[in-house]
Every structure is written in structure tokens, then in C-alpha cells.
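Down below is the structure, laid out as C-alpha cells.
The values are calculated or read from the model by the stated rules, or taken from the named source; none is laboratory data. Values in this document were obtained by computation on a predicted structure and should not be read as measured data. Cβ coordinates were reconstructed from backbone atoms using ideal geometry, including for glycine residues, and neighbour counts include every protein chain displayed.
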Amino acid sequence: MAPDRGDLLDDELVLRFLNQGSLQLRPRFPDGFHDQIYQKLAQLRHNPGNHITREVPELLAVVEHPTVHAMAYSLLGPNYQVHPHRHFYDNQPGSQSQGWHVDAATPDHMLRGLILFYYPQDTDVSMGPTVFVPGTQFRDAPMDRLAAYANIRGQKNFIGQAGSIVLLHPDLWHARSLNRSPKHRYMIKFMLTRPDEPLQPSWRHHPEQAEALFLQRVREFVGPIQSFCSDYLAEWEWRRKLWNWMRGAPVQAPNLMDFLV
Amino acid sequence: MTSLDSAFRLAREKLQRGDFAAADLEELWAQVRPQPQRLLYLYALQPTVRASLVAATLQEQKAATHCQIDPLAEDLPYRSVLEAMADGWRVIHFPDHRAPYQEGRLDMLGYEFVLEKYGA
């Protein structure tokens with residue numbers, strides 16, 4: 001069922017996702033909901049992998065929440081699907097970090113899926129939050145090479161209150177970081193997929209203002225300080241390519257002049 | 001004169017005076033014995049030692065596992081490769097100036113320099 005139009009993302013939020021490669025949200029749930037999930041996860045004797053929703057069926061309410069549905073619908077279109085793959089991650093006290101990685105390596109980097117991370121407990125920087133590098137979703141990055149990096153300038157932490165959810169572009173660089181706290185930091189991953197090519201925008205799109213907003217937001221994100229000289233044009237053009245693709249608009253030839261103020 | 005030069009000069013003097021002891025030998029050995037190699041990978045915005053850094057990875061024997069991503073890291077240990085060199089790191093690998101390049105594609109972040117230092 002289509003979400004209420006008022007619940008859909010607007011151009012501003014879609015552009016934020018397009019630039020950064022992620023959006024964080026915290027939908028409303030009944031009091032005690034997240035703690036109940038946390039307690040059930042804590043009692044698991046083994047990691048059930050894809051069957052985590054059999055062990056903790058309340059998790060389905062997360063991925064089916066109207067706010068999540070509206071965001072997924074906005075970004076992936078009306079025919080998006082919840083993929084059967086899901087996973088429970090327990091970042092234990094004293095753990096080491098993962099290496100940087102991507103969950104997919106989409107050859108053309110178009111948005112054919114979303115990764116959803118759900119955190120059932122308050123997560124702060126001491127608890128080994130998921131770290132990510134905003135804007136890296138357009139890079140061809142073999143995971144063997146990604147493993148060579150430790151800290152990257154501009155990396156961010158996904159932190160927030162219990163019930164925080166993050167939607168990620170599957171090609172965004174991210175990793176579990178080291179947990180210095182005495183607490184377990186849990187996270188459940190879901191995957192959402194897009195089976196079709198976009199024919200029109202599936203969010204609250206205002207074409208008369210959107211083009212100017214697109215140029216403004218991309219300029220702000222991919223300014224001279226944030227990137228590499230050789231990469232400026234490519235950073236812009238990848239965002240325009242995805243923006244046009246998501247709107248079902250024709251492909252445009254690269255044109256540096258469009259981005260010059 | 002390096003500290004090694006001074007240590008040997010002192011040792012020779014003691015030897016001539018006839019008061020070179022076992023403890024002196026141990027002290028000399030402490031200065032010349034092989035030290036573990038530490039590697040520092042620095043990723044710079046351009047393939048020059050003066051360019052700003054975008055990422056850094058320290059690899060050393062005492063590290064528990066592979067490189068660690070620290071959510072509390074406020075900044076990288078140096079601003080440039082040159083600054084790391086001033087702190088005693090020696091560059092042992094420079095990035096290729098003519099890197100593979102595919103028009104319109106984006107790939108890894110930064111040009112990779114590898115530096116080494118011996119000792120703790």
C-alpha cells in the first residue's frame with residue numbers, strides 16, 4: 001500500500017541521502033518495545049542468521065513500520081521488496097573493529113537496494129558504533145584494498161537512542177568499530193531491494209525547484225575542501241546520474257559548467 | 001655525531017682505561033640490537049609529501065589484530081607525510097605518479113605512502 005503523501009521524503013531529504021549515502025531515523029514505537037527486543041537477543045544461544053525474525057518476531061515490526069515503509073518507498077519506488085537475508089550482529093565488550101567494507105558493489109552505483117540497520121539499545125561512541133564515510137557510495141572500492149585503511153578523515157559514527165535506524169546505500173563504506181564499553185552493542189541488518197527501473201520520482205518531488213536545490217546541495221557537499229581535485233567532476237556527475245536515474249529522467253552528458261557558480 | 005657514535009666512543013675510552021664492564025656491553029647491545037619494524041600507511045590528497053592526509057593506518061607487531069577503526073579518533077596523527085618524516089618516519093614507498101585512471105570513475109581515497117620506523 002502506498003504511504004500517505006505527507007509521510008514520503010521530500011527533495012531535501014532525498015538529496016541528503018544522495019550526497020551522504022545514508023539517512024538516520026527513529027520511528028515511534030510503544031514504550032519498552034526496544035528493550036524487549038534487546039532482552040530476547042541477549043538470550044539467544046546461537047546466531048540464527050536469516051532466521052532471526054523467527055526467534056525474535058517483533059523485529060518484523062521494525063522493517064514494516066510506516067515511517068520505514070515511507071522512506072523505502074521514497075527511495076526504492078512502490079515495488080520495493082524486503083529481502084530474506086538479515087543478520088544479528090553482537091559487538092561484544094572489548095571487541096576489535098572490522099575492516100572497512102561495502103555490503104554490495106553495484107557496478108553502476110544506482111540505488112537498487114538499501115541496507116537497514118536497527119539498534120535496539122542506546123548507542124554511544126564508546127560502544128563500538130557503526131562508522132561510515134559519507135559520500136563514498138560512488139567509489140569502486142575492492143574490499144581487499146579497503147582493509148588497508150584505519151581511521152579516515154571525515155568518518156562518522158551512527159549513534160543514537162534505542163530504536164535508531166539507519167538506511168544506507170549498499171556501496172557506502174562502513175565498519176563496526178572497537179567497543180570500549182562493558183556493554184554489548186546489538187544491531188540487526190535487513191536488506192531491501194528494488195526490482196525495477198524508476199520511471200518517475202517516488203517521493204514528494206517539486207520539479208520546478210528541485211534542479212536548483214540539487215546543484216546547491218551537491219556543491220555544498222562536494223566542495224573543494226571535501227574532495228580531490230581529480231574527483232570533483234566525477235563526484236558531481238555521479239550524483240547527477242543517480243538523481244536523474246531515480247527520477248526516471250534522461251541521462252545527461254557531463255558538463256562542468258553546470259556546477260560552476 | 002649520532003648517539004651510536006657517542007656510545008662507541010665512550011666504550012672505546014672505557015676499554016682503554018680498562019674499566020669496560022659487562023654492563024657496558026649490555027648497554028651497547030641495547031643500542032644496536034635489531035628493533036621491530038613499524039609501518040605507517042598514510043593516504044594523501046595528492047602524490048606529494050606536502051599534501052594533506054585523508055587516512056592513516058599504523059601496523060606494528062604489538063597490535064592485537066589488523067588496523068583499528070576508532071570511533072573516538074578525533075584526527076589523524078599527522079597533517080602530511082612531511083610532518084611524519086619530521087617525527088622520524090622514513091618513507092619506503094611512494095605512490096605511482098602515473099596511476100591507473102578511468103575517466104569518470106571514482107575509486108580509493110588517497111595516494112598511498114608507506115613509512116617505517118624501528119623500535120617502540
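Whether any residue in the range B:39-50 is within 30 Å of B:Gly110 (Cβ to Cβ), in contact with a strand residue (DSSP E or B) (Cβ under 6 Å, 6 or more places away or on another chain), in contact (Cβ under 8 Å) with a residue 60 or more places away in the chain and loosely packed, with under 14 Cβ neighbours inside 10 Å is what I want to check. Spell out how you get there, then give the answer.
Narrowing the range B:39-50 to residues within 30 Å of B:Gly110 (Cβ to Cβ): B:39-50.
Filter again for in contact with a strand residue (DSSP E or B) (Cβ under 6 Å, 6 or more places away or on another chain), leaving B:39-45, B:47, B:50.
Next, from what is left, pick out any that are in contact (Cβ under 8 Å) with a residue 60 or more places away in the chain: B:39-45, B:47.
Pick out the ones that are also loosely packed, with under 14 Cβ neighbours inside 10 Å and you get none.
No, there is no match, as no residue in the range B:39-50 is within 30 Å of B:Gly110 (Cβ to Cβ), in contact with a strand residue (DSSP E or B) (Cβ under 6 Å, 6 or more places away or on another chain), in contact (Cβ under 8 Å) with a residue 60 or more places away in the chain and loosely packed, with under 14 Cβ neighbours inside 10 Å.
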Q) Do any strands (runs of 3 or more DSSP E) lying entirely in the range B:30-120 carry at least 3 residues that are at pLDDT 90 or above and within 8 Å of chain A (Cβ to nearest Cβ), and which ones are they? A) B:53-59
(Q) Any residue that is under 22 Å from A:His65 (Cβ atoms), polar (S, T, N, Q) and surrounded by 22 or more Cβ atoms within 10 Å (Cβ to Cβ) - is there at least one of those in the range A:172-194? (A) no
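Conditions (1) among the small types (Gly, Ala, Ser); (2) in contact with a Lys or Arg (Cβ under 7 Å, 6 or more places away or on another chain); (3) not assigned by TED's automatic domain parsing to the domain that holds A:Trp238, marked per residue:
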{"position": "A:Ala141", "(1), (2), (3)": "yes, no, yes"}
{"position": "A:Asp144", "(1), (2), (3)": "no, no, yes"}
{"position": "A:Ala148", "(1), (2), (3)": "yes, no, yes"}
{"position": "A:Gly154", "(1), (2), (3)": "yes, no, yes"}
{"position": "A:Ile159", "(1), (2), (3)": "no, no, yes"}
{"position": "A:Gly163", "(1), (2), (3)": "yes, yes, yes"}
{"position": "A:Leu168", "(1), (2), (3)": "no, no, yes"}
{"position": "A:Leu178", "(1), (2), (3)": "no, no, yes"}
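From the list B:Leu4, B:Leu10, pick out the single residue that is loosely packed, with under 13 Cβ neighbours inside 10 Å and more than 14 Å from chain A (Cβ to nearest Cβ).
Details: B:Leu10 fails: loosely packed, with under 13 Cβ neighbours inside 10 Å.
It is B:Leu4.
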Q) A:Asp124 is checked against (1) surrounded by fewer than 23 Cβ atoms within 10 Å (Cβ to Cβ); (2) closer than 27 Å to A:Val218 by Cα and fails just one. What number does that condition carry? A) (2)
Q.
Show the residue pairs meeting these rules: Cβ distance below 7 Å; 6+ apart or different chains; first residue within the range A:137-164 and more than 7 Å from every other protein chain (Cβ to nearest Cβ); second residue of a type in the set (Val, Ile, Thr) and not in a loop (DSSP other than H, G, I, E, B).
A. A:Gln155/A:Val131; A:Lys156/A:Val131; A:Phe158/A:Thr130; A:Phe158/A:Val166; A:Ile159/A:Thr123; A:Gly160/A:Thr123; A:Ser164/A:Thr123
